[in-house]
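*Asks:* Got a structure for you, written out below as structure tokens; questions coming shortly.
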Amino acid sequence: MRARSARRLSRLLLAPLLAAGLLTAVVAPAHAPAARADAVRDQQYWLDEYGIRSAWAVTRGEGVVIAIIDSGVDAGHPDLAGAVIGGTDVSGRGASDGTRPLGAGRSSTHATMVASLAAGRGSGPGAGVIGAAPAASILSISLVFGPGERSGDDQIAEAVRWAVDNGADIISLSLTRNRIDWPESWDAAFLHAEENDVVVIAAAGNRGSGTDQVSAPATMPGVLAVGGVDRAGRASDNASSQGITIGVMAPSENLVGAVPGGGHSSWQGTSGATPIVAGIAALVRAAHPELDAANVVNRIIATARPATGTVPDPLYGYGLVDAAAAVRAAVPEVTGNPLGSLGEWIAVHRRAEVPALESALPAPRPAVGKQIATAFGMPGAGLGALASVIPALMVLVGTMTALAALAAAAVLRFVTRPREE
């Protein structure tokens, strides 16, 4: 909290110079044009087509911290030199600073690719992968999913809380639970982010990977869900899911990212679209340090380019993200997150039944009955009351058992499509 407040104060003091375009050349000069285009940099069509390079005339994301909750970022990659300022591991298998890539196959490369699109520095003028916010910093929080591993739900809850408590301004989640609901353990973790002014951005998921509809955490109130489009700006058939919670669309096909060990790879999926938007959110936070998380989200969706006559659209959300407009446009401030409040959702959906149950309970009975009833979570009820609700309790227990079985079967996954070799 103190670190985030200090960074916000610093950005507030520098805001007039940033707005006037006077500080960019001093703090983070743009790379000089390369005499000859680099094969990797040349593939990053989204830098110009989505207004990112134009937004750099105002800011490159200085002072903003993006938490990458993923498989572990290779901080030694040339494109990420100096970008990773800290991290942790919540899997029990990674490095203490979260920078050891975990998992098998493309899972182990996932976080490094994601981080490079959010805040890559490039490996030289005009070379390597450069992120949407190349002056932002990264926290790498490593986790791993799979049989025999610690619960993915628990890892994510811990990762989100750690990110908030260690100075993240933005949390980027290129993963999906592959179902629309989420465990109650996420309520507290994501509410912690909401209450501490952290922007949370999550991938919608990919139909080509088996996620037919947008899944949690992208279904959670207040979370900016990112869908994916192809080079022509059409919703991707394979590299994006459909759902009413989608906020904005970003490129999810023909992407290139950094991979552990110093190389690069082509890839596709909303795993790549999400960090691009996270980087744009960092540009907004740097350019407008006076804005809270709700207004950062609002600027991004309010300035998106609508893809259809319906806004929001169930396939495109508010439209295609536009970094230059998000940074520069005049957007009225809002008093709450236009994508909803998790705190309000919890109050309605998690707690509404508790007062109703308590008000329906009969008057207290003898002490021995009170003790038994209290053990069942019904303070003040006696044996008679307990007997009257035993059938309901049996139904409740059966229902909870079934839900627990379903939850156990839920599969958390990263949402990158196979790489194009």
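The values are calculated or read from the model by the stated rules, or taken from the named source; none is laboratory data. Note that the structure is predicted; figures quoted are calculated from it, not measured. As a convention, Cβ positions derive from the backbone with ideal geometry for all residues, glycine included, and neighbour counts pool all protein chains shown. In case anyone asks, the SASA skips ligands and DNA or RNA and just uses the protein heavy atoms, side chains included. Shrake-Rupley method; radii C 1.70, N 1.55, O 1.52, S 1.80 Å.
*Asks:* For segment 38-139, I need the span (max minus min coordinate) of the C-alpha atoms along each principal axis, in Å, sorted largest to smallest.
*Replies:* Reported extents, whole Å, longest axis first: 42, 29, 21.
*Asks:* Classify segment 230-307 as rounded, prolate or oblate, taking a ≥ b ≥ c as the square roots of the eigenvalues of its Cα gyration tensor: rounded when a/c is under 1.5, otherwise prolate if a/b is larger than b/c and oblate if not.
*Replies:* oblate
*Asks:* Follow-up question, since we're still on this one. How long is the gain from residue 43 to residue 184 if the chain were fully straight, where each residue apart is worth 0.36 nm and the alpha carbon distance is subtracted?
*Replies:* 46.6 nm
*Asks:* How would you classify segment 105-165 from its alpha-carbon gyration tensor, with a ≥ b ≥ c the square roots of the eigenvalues: rounded for a/c under 1.5, else prolate if a/b is greater than b/c, otherwise oblate?
*Replies:* Oblate, because a/c is 1.5 or more while a/b does not exceed b/c.
*Asks:* Rank by packing, highest mean first: peptides 255-261, 333-339, with packing defined as the count of other Cβ atoms within 10 Å averaged across residues.
*Replies:* The packing order, highest mean first, is 255-261, 333-339.
*Asks:* Something else about it: Give me the 1.4 Å probe accessible area per residue for segment 286-352, excluding ligands and nucleic acids, in Å².
*Replies:* That works out to 45 Å² per residue.
*Asks:* If you take the beta carbon distance between residue 310 and residue 150 as r and set R0 to 35 Å, what does 1/(1 + (r/R0)^6) give as a FRET efficiency, to the nearest 0.05?
*Replies:* 0.25
*Asks:* In Å², what does the accessible area per residue of segment 48-198 work out to with a 1.4 Å probe?
*Replies:* Per residue, segment 48-198 has an accessible area of 29 Å².
*Asks:* In segment 308-353, if every C-alpha pair distance is counted and binned at 5 Å from zero, what percent goes to each bin?
*Replies:* All Cα pairs considered, the percentages come to 5, 14, 14, 19, 20, 12, 9, 5, 1, 0.
*Asks:* Tabulate in residue order the Karplus-calculated ³J(HN,Hα) for segment 98-114, using 6.51 cos²θ - 1.76 cosθ + 1.60 with θ = phi - 60°, rounded to whole Hz; enter x for Gly and Pro.
*Replies:* With the stated coefficients, segment 98-114 comes to x, 9, 9, x, 10, x, 10, x, 5, 4, 6, 8, 4, 5, 5, 4, 4 Hz.
*Asks:* Here is a further query. Relative contact order of segment 118-193: what whole-number percent is it, with Cα pairs under 8 angstrom and at least 6 residues apart?
*Replies:* 24
*Asks:* How would you classify segment 133-211 from its alpha-carbon gyration tensor, with a ≥ b ≥ c the square roots of the eigenvalues: rounded for a/c under 1.5, else prolate if a/b is greater than b/c, otherwise oblate?
*Replies:* The shape class here is prolate.
*Asks:* Taking all protein chains in place and a 1.4 Å probe, what share, in percent, of the accessible surface of segment 38-114 do carbon and sulfur account for?
*Replies:* 47
*Asks:* Further question on the same structure: Residue-wise, which Karplus ³J(HN,Hα) couplings in Hz belong to segment 302-315, taking 6.51 cos²θ - 1.76 cosθ + 1.60, θ = phi - 60°, and x for glycine or proline?
*Replies:* Using θ = phi - 60°, the values come out as 5, 9, 5, 8, x, 9, 9, x, 9, 9, x, 9, x, 9 Hz.
*Asks:* Tell me, what is the FRET efficiency for residue 350 and residue 165 to the nearest 0.05, using R0 = 25 angstrom and their Cβ-Cβ distance as r?
*Replies:* It comes to 0.65.
*Asks:* Also: Along the principal axes of its C-alpha atoms, what lengths does segment 157-312 span, in descending order and rounded to whole Å?
*Replies:* 37, 36, 32
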